[in-house]
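The values are calculated or read from the model by the stated rules, or taken from the named source; none is laboratory data. These numbers were taken from a predicted model, which means no experiment stands behind them. Cβ placement follows ideal geometry from the backbone for every residue including glycine, while neighbour counts extend to all protein chains displayed. Side chains included, ligands, DNA and RNA excluded: accessible areas come from the protein's heavy atoms. Shrake-Rupley method; radii C 1.70, N 1.55, O 1.52, S 1.80 Å.
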Amino acid sequence: MRPGSAMTISWVRRYPVGAEIAPGGVAFRVWAPDHEEIVLVGPEGPRQPLEPEGNGYFSGLVEGMGAGDRYRFALSGDEQLLPDPASRFQPDGVAGPSMVIDPRSYEWSDAGWQGPDASPVYYELHVGTFTRQGTFAASTEKLEWLKELGVTVIELMPLNTWIGTFGWGYDGVLLFAPTANYGKPDDVRQFVDRAHLLGIGVILDVVYNHFGPGEICPRYANAYYSQRPANEWGKSLNFDGPDSGPVRDFVCANAAYWIDEFHLDGLRIDATQALIDESDEHIAGRLGRDARAAARGRRILLVSENEPQQIRQVRPPQAGGFGLDALWNDDFHHSARVALTGRAEAYFHDHRGRPQEFVSAAKYGYLFQGQRYDWQNAARGSAGLDARPFNFVHFLQNHDQIANTPGSRRIGHLASPAKLRALTALLLLGPQAPMLFQGQEFDATTPFHYFLDQHGEVAKAVMEGRAEFLSQFPSLDRPEMRRTMAPPHDRATFEASRLDWTDAERNAATVALHRDLLQLRRETAALRHAQRERALDGAVVGQDAFLLRFFGPSSAADRLLIVNLGSDLALRSVPDPLYAPPDGHVWTLCWSSEDVCYGGIGQRQIDTREPWLLTAVTALLFSPEPAEPRAPAGKSEMDDWQRSLRSA
């Protein structure tokens with residue numbers, strides 16, 4: 001050991017903490033202000049103290065160590081050997097030693113990759129259940145499928161190491177270490193590398209609002225935790241209190257690390273409302289800035305999950321915002337869910353699933369932008385009428401929303417197929433960035449339960465917490481319903497959530513629906529234009545029907561989407577200029593959700609110059625086709641027509 005010797009050679013540490021390959025050995029640095037001594041225990045068991053820097057950090061260069069070597073730390077006053085809080089890999093899980101990783105050993109093939117498409121199509125993926133093997137290696141084999149489907153960005157559920165062999169990943173303990181449950185760090189790199197070669201970006205779900213059970217970081221420094229009250233998931237991290245500087249550095253380094261060492265294309269930041277920070281620069285803004293710097297010119301996407309719907313998160317820093325790119329839009333989901341199921345329980349209470357909600361969501365994103373929200377008996381959201389379509393991610397289901405249904409059933413098992421096809425068209429053709437949850441494209445029959453490999457009191461607390469959360473739904477707040485809950489700690493619950501890929505063969509019509517819609521989204525000029533600019537307007541045309549007019553680069557490139565979620569509707573005329581075709585053109589049907597190739601019952605011929613029937617529960621896309629104007633009717637013919645109307 002040569003303490004601090006890294007300072008005497010031409011080598012610069014990449015991150016403030018962790019083990020990094022350096023000339024002559026491995027440089028270690030750890031923040032442990034609560035301890036007087038930190039001792040590194042190497043692969044052969046020798047105990048070598050790190051040198052205190054006088055600022056709470058301990059560091060040193062250990063000669064002879066290299067990639068693949070394992071180590072732990074011994075803390076003063078603590079007999080248990082602990083992993084590195086910034087461990088890059090835990091081959092044996094949280095309880096085992098940390099491993100030194102050399103990120104430079106992987107040979108990347110993505111030198112020409114500049115980042116994901118500016119109009120993304122997201123696909124949320126949980127590696128452990130995406131395939132039967134539950135590994136990155138197996139998931140890599142499915143990337144061609146996602147490419148053919150039309151996905152442009154994969155959103156990975158959390159990869160950090162947690163306690164146990166299965167889980168969603170939101171209870172991370174070691175934030176820098178990709179979980180060994182899915183493979184080795186280079187397996188992650190290979191997945192990303194292959195995705196880039198196929199033109200697919202990969203972003204990662206990160207959790208900075210709490211640590212999961214088995215917490216390691218606070219044993220080095222209690223200042224990792226805020227002195228404020230805990231949030232709903234656990235103790236909040238300290239982003240603005242005493243000694244918060246190293247905590248901020250730790251989290252921001254983690255964000256940059258995923259972008260840098262794994263070539264990831266962005267982050268989805270979990271529950272940002274729980275990142276309590278009154279600093280001059282909010283932690284979400286800073287970690288986003290550091291992540292972009294780590295990308296070194298590549299385009300990355302920073303997405304926020306934010307229950308209060310704070311639009312400032314996607315405003316630029318010079319306008320007082322955080323500089324993120326997009327927000328998950330629960331409003332769209334909630335309106336769609338009520339329209340699909342007819343039920344407005346619990347947090348669906350304020351949504352009706354009516355046409356105007358879908359028109360407003362297409363135009364403005366969030367529906368609640370500061371007005372009263374009855375479920376919370378308070379205002380919700382903030383003014384964001386100027387937000388752009390790409391500032392929102394829309395979805396019909398995600399991991400949380402599936403798990404919050406009885407039996408953790410997917411939306412395809414709760415709604416009529418025709419209505420789901422119609423709203424899938426709205427999702428995938430609409431201007432906001434759509435997101436699919438794994439298996440949605442083939443109407444997966446498998447559930448997606450909440451699962452977490454915990455035991456004893458923790459498992460009991462998790463089960464009780466889930467039951468308490470679901471009790472807000474009156475239909476679920478019954479003893480017999482609680483008895484049907486799949487135990488999160490039971491491995492069978494996890495195994496039942498794995499995708500069955502034979503569903504993709506059985507439900508080829510649903511796959512075709514998604515592929516065709518995403519091809520339309522990708523290749524239709526008016527749809528693409530509306531994804532970047534607010535080039536869309538809409539109107540309600542019936543109790544359950546509405547239209548969206550997409551304005552193209554020229555009027556002849558416009559498109560008209562009409563969605564009917566109710567019964568047959570006779571359209572003799574529509575007193576709204578959005579329905580009028582461009583001059584010299586007529587609206588011609590180019591796509592229907594009721595096409596038999598998608599499992600529909602067929603689509604009748606439509607001439608929009610005549611009265612026509614908008615069939616029940618359908619979505620129709622029209623394009624303008626050149627047409628000669630019709631000669632006006634003579635007086636006798638007109639008199640006959642009007643007499644027929646009077647007698648109708």
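General remarks:
- Residues that are closer than 22 Å to VAL393 by Cα, open to solvent by less than 70 Å² (accessible area, probe 1.4 Å) and acidic (Asp, Glu), drawn from segment 531-570: ASP537
- The numbered conditions (1) hydroxyl-bearing (Ser, Thr, Tyr); (2) in contact (Cβ under 8 Å) with a residue 40 or more places away in the chain; (3) under 17 Å from ALA415 (Cα atoms) are all true for SER335 except (2).
- Every residue from segment 286-300 that is under 10 Å from ASP265 (Cα atoms) and open to solvent by 40 Å² or more (accessible area, probe 1.4 Å): ARG292, ARG298, ARG299
- Whether a residue is in contact with a Phe, Trp or Tyr (Cβ under 6 Å, 6 or more places away or on another chain) and within 23 Å of ALA284 (Cα to Cα) was assessed, and ASP171 passes this test.
- Residues (polar (S, T, N, Q) and either in contact with a helix residue (DSSP H, G or I) (Cβ under 6 Å, 6 or more places away or on another chain) or more than 18 Å from HIS333 (Cα to Cα) (or both)) located in segment 364-375: GLN371
- Only one of the listed residues (ASP516, ASP443) is open to solvent by 20 Å² or more (accessible area, probe 1.4 Å), acidic (Asp, Glu), at pLDDT 95 or above and touching a helix residue (DSSP H, G or I) at 6+ places or on another chain (Cβ under 7 Å). That residue is ASP443.
- Number of the condition not met by ALA509 [criteria: (1) touching a Gly at 6+ places or on another chain (Cβ under 9 Å); (2) part of a loop (DSSP other than H, G, I, E, B)]: (2)
- Qualifying residue in segment 71-85 (condition: modelled with pLDDT under 95 and closer than 30 Å to ILE203 by Cβ): no
- Test: ALA425 is open to solvent by less than 10 Å² (accessible area, probe 1.4 Å) and assigned to a helix (DSSP H, G or I): yes
- Counting the residues of segment 67-81 that are open to solvent by 20 Å² or more (accessible area, probe 1.4 Å) and closer than 19 Å to GLU20 by Cβ gives 5.
- Per-region count, segment 456-482, residues exposed (fewer than 14 other Cβ atoms within 10 Å of the Cβ) and assigned to a helix (DSSP H, G or I): 8
- At least 1 residues being open to solvent by 10 Å² or more (accessible area, probe 1.4 Å) and among the hydroxyl-bearing types (Ser, Thr, Tyr) is the threshold, and among the helices (runs of 4 or more DSSP H) wholly inside segment 111-214 those reaching it are 136-140.
- Segment 162-176 residues that are on the phi > 0 side of the Ramachandran plot, paired with ones that are modelled with pLDDT under 95 and open to solvent by 10 Å² or more (accessible area, probe 1.4 Å) (beta carbon under 7 Å, 6 or more apart): GLY164/GLN454
- Screening SER279 with (1) surrounded by fewer than 22 Cβ atoms within 10 Å (Cβ to Cβ); (2) part of a helix (DSSP H, G or I) gives one miss only, at (2).
- Selection from segment 477-493 of residues that are among the basic types (Lys, Arg) and at pLDDT 80 or above: ARG478, ARG491
- Only listed residue being closer than 30 Å to GLU357 by Cα and acidic (Asp, Glu), chosen from ASP537, ASP503, ASP490, ASP453: ASP537
- Among (1) buried (at least 16 other Cβ atoms within 10 Å of the Cβ); (2) farther than 29 Å from ARG337 by Cβ, the one test that SER573 misses: (1)
- Pairs where the first residue, in segment 117-144, is free of Cβ contacts under 8 Å to residues at least 12 places away in the same chain and hydrophobic (A, V, I, L, M, F, W, C) and the second is part of a loop (DSSP other than H, G, I, E, B) and surrounded by fewer than 17 Cβ atoms within 10 Å (Cβ to Cβ), C-beta under 8 Å, 6+ apart: ALA138/ARG132
- If you filter segment 10-32 down to residues that are in contact with a helix residue (DSSP H, G or I) (Cβ under 6 Å, 6 or more places away or on another chain) and part of a strand (DSSP E or B), you find that the one that is surrounded by the most Cβ atoms within 10 Å (Cβ to Cβ) is TRP31.
- Test: residue in segment 63-86 that is of a type in the set (A, V, I, L, M) and closer than 28 Å to PHE437 by Cα: no
- Answer residue from segment 217-235, given it is in contact with a strand residue (DSSP E or B) (Cβ under 8 Å, 6 or more places away or on another chain) and open to solvent by 10 Å² or more (accessible area, probe 1.4 Å) and is farthest from PHE166 (Cα to Cα) among those: SER226
- Residue ID - surrounded by the most Cβ atoms within 10 Å (Cβ to Cβ), chosen from residues in segment 399-414 that are within 17 Å of PHE494 (Cβ to Cβ) and among the hydrophobic types (A, V, I, L, M, F, W, C): ILE402
- If you filter segment 602-636 down to residues that are surrounded by 10 or more Cβ atoms within 10 Å (Cβ to Cβ) and free of Cβ contacts under 8 Å to residues at least 24 places away in the same chain, you find that the one that is farthest from the chain's Cα centre (by Cα) is ALA633.
- Scanning segment 422-449 for residues that are under 26 Å from PHE550 (Cβ atoms), touching a strand residue (DSSP E or B) at 6+ places or on another chain (Cβ under 7 Å) and not aliphatic (A, V, I, L, M) gives GLY430, PRO431, GLN432, PRO434, PHE437.
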